[in-house]
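Written out below as structure tokens is the structure these notes cover.
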Amino acid sequence: MELNKIVCDAGILGAGGAGFPTHVKINCKAEYVLANGAECEPLLRVDQQVMQYYAADVVRGIRAVKEFTGAKHAVICLKAHYKEAVKALKAALKEVDDVELHQLEAFYPAGDEQQIVYEVTGRVVPTGGLPLDVGCVVCNVSTLVNIANAIDGKKVVEKYVTVGGAVKNPVTLRVPVGISLKELLDAAGGTTEDCRYIIGGPCMGRVVDTPDIPVTKTTGGILAIPKNHPLLQTKNDNLNLRMIMSVCCQCSMCTQMCPRNALGLNVQPHKAMRSLANGIDLLGDFNGIFSCCNCGLCTYYACNFGLKPSQVMQTLKGAIASKGVRARKEVFTEPDGGLNNKKVPVTRLVARLGLTKYDVPAPLVDQPMKTDSVRIALRMGVGAPSVPTVSVGDKVRKNQLIADIAEKKLGVKMHASISGTVTEITGDYIEIRRSSK
């Protein structure tokens with residue numbers, strides 16, 4: 001069977017990003033296959049530990065994708081200070097001559113796939129484009145492990161998740177897809193303060209008031225953040241236009257520090273700030289807005305006044321897209337000659353965020369976590385919701401198909417992550433509970 005069919009049947013989607021269906025991503029011809037193990041966000045520990053403990057599967061997965069796509073190069077990309085992961089991968093590559101390691105500096109956002117592409121190949125993914133436009137396919141290292149498992153006949157029913165922040169015992173857990181994040185916090189000993197929660201990392205993750213939310217195939221972490229922490233105030237969705245108009249001095253530091261602008265993609269948050277405050281005509285060429293990856297560096301690091309250029313960028317991107325405007329595929333100019341001098345060290349970003357006390361190890365517990373109930377989301381990433389293939393009252397076994405890809409739609413298959421009875425089906429999820437004894 002073709003690799004893309006195997007991947008499709010296993011229900012694999014991008015484990016570290018937007019959740020693009022992997023069987024579609026790899027169904028192409030490419031020059032480079034890049035494994036992304038750089039773990040973009042601070043405090044998360046999943047990728048580095050997956051590479052440390054499952055190095056052989058990462059290598060097996062990338063070689064399978066390399067062969068299927070006909071790529072000339074396969075490169076595993078990770079930060080150099082992931083010492084144990086580097087050691088494990090070098091050992092796994094001793095008998096392999098067609099996969100390379102590329103060690104990155106510890107800067108933010110090193111794990112952005114466009115940064116990865118540029119660091120390895122020197123090529124810039126155009127605005128509105130994909131890595132494939134420059135001959136590259138980028139897969140998260142957990143995705144590659146899932147591909148290796150799929151070749152062995154396994155489905156995606158588990159996820160590794162870092163539990164960090166204000167918890168008693170920061171930890172990385174192996175959990176069934178659909179388990180409540182609250183159970184993960186309990187497994188970490190509970191919180192040490194009254195908290196709100198960030199699903200994902202501190203910069204790009206979303207804030208929620210309750211952890212009673214199920215793990216999906218893309219969940220990489222949950223961070224408990226004390227309610228009085230300034231990061232939560234910065235991450236709220238409110239844009240104070242009066243504040244922007246009165247305080248933003250157009251210093252352009254947000255633009256000077258923007259990683260995508262440094263690649264030559266014309267991402268200029270300072271122009272977005274002035275246009276939101278004083279009129280869209282001041283934005284100039286809007287095309288660069290489509291290249292904003294919402295890394296938040298302009299907001300959390302560059303702005304000296306505590307404003308939120310990244311939120312302004314996302315607001316304008318949504319407004320422009322809602323009018324039917326689409327990005328032009330282009331690279332505006334050559335990469336900034338001083339790009340290397342603009343790489344923000346992760347430790348400095350963590351300090352600026354006020355999270356240094358939480359930047360601690362989160363050791364992997366590889367024993368699968370057990371639960372009595374799961375809620376399998378029908379949509380976990382890019383594409384249409386999956387269509388249930390079971391009914392309320394059905395008995396299901398772990399790994400059984402419970403939702404299929406909608407006909408002629410982009411999507412992924414979903415499988416039961418525990419054995420039990422289907423107790424609820426909504427437009428959003430399928431609930432399974434273990435049968436009572």
For this session: Starting from the Cα gyration tensor of the chain, multiply each eigenvalue by 5, take the square root, and state the resulting semi-axes largest first in whole Å.
Result: 34, 26, 22
Problem set entry | Rg ratio (alpha-carbon, reference 2.2 N^0.38 Å) - the range 383-435 | 1.09
Seminar exercise, completed: Filtering trypsin sites (Lys or Arg not before Pro) in the range 315-360 by DSSP loop and by at most 16 other Cβ atoms within 10 Å leaves 323, 326, 328, 329
Problem set entry | Additional length obtainable on full extension of the chain from residue 365 to residue 434, 0.36 nm per residue less Cα span | 22.5 nm
Exercise. When the C-alpha atoms of the range 106-239 are aligned to their principal axes, what extent does each axis show, in angstrom, from largest down?
Worked result: 48, 45, 25
Problem set entry | Longest DSSP-loop-exposure-free segment, GluC sites (Glu not before Pro), the chain, at most 16 other Cβ within 10 Å | 194-406
Problem set entry | Principal axis dimensions, largest first and in whole angstrom, of the range 224-291 by Cα | 40, 28, 20
Exercise. What does the convex hull of the alpha-carbon atoms of the range 283-324 project to on average, in nm²?
Worked result: 3.1 nm²
Exercise. At a 1.4 Å probe, what is the % contribution of carbon and sulfur to the accessible area of the range 267-336?
Worked result: 52 percent
Problem set entry | J(HN,Hα) series, the range 163-179, from Karplus relation 6.51 cos²θ - 1.76 cosθ + 1.60, nearest Hz, glycine and proline x | 10, x, x, 7, 10, 5, 9, x, 7, 10, 10, 9, 10, x, 4, x, 5
For this session: Can you check what the Kirkwood hydrodynamic radius comes to for the range 160-259, Cα pairs only, in Å to one decimal?
Result: 15.1 Å
For this session: At 7 Å along the Cα-to-beta-carbon direction for both residue 249 and residue 404, put a label point, then send me their distance in nm to one decimal.
Result: 6.3 nm
Exercise. In square angstrom, what is the accessible area per residue of the chain with a 1.4 angstrom probe?
Worked result: 44 Å²
Exercise. Which percent of Cα-Cα pairs in the range 277-351 sits in each 10 Å bin, short to long?
Worked result: 15, 41, 34, 10, 0
Exercise. Which value does Rg/Rh take for the range 244-396 over its C-alpha atoms, Rh per Kirkwood?
Worked result: 1.11
For this session: Can you list which of the trypsin sites (Lys or Arg not before Pro) found in the range 18-102 are DSSP loop residues with at most 12 other C-beta atoms within 10 Å?
Result: 29, 72, 94
For this session: Could you pull the Rg and Dmax for the range 185-227, using just the Cα atoms, both in Å?
Result: 10.0, 28
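The values are calculated or read from the model by the stated rules, or taken from the named source; none is laboratory data. Because the structure is predicted, anything quoted here is derived from the model rather than measured. Please note: Cβ atoms are built from the backbone with ideal geometry, for glycine as well, and neighbour counts cover all protein chains shown. Note: accessible area is taken over every heavy atom of the protein model, side chains too, but ligands, DNA and RNA are not part of it. Shrake-Rupley method; radii C 1.70, N 1.55, O 1.52, S 1.80 Å.
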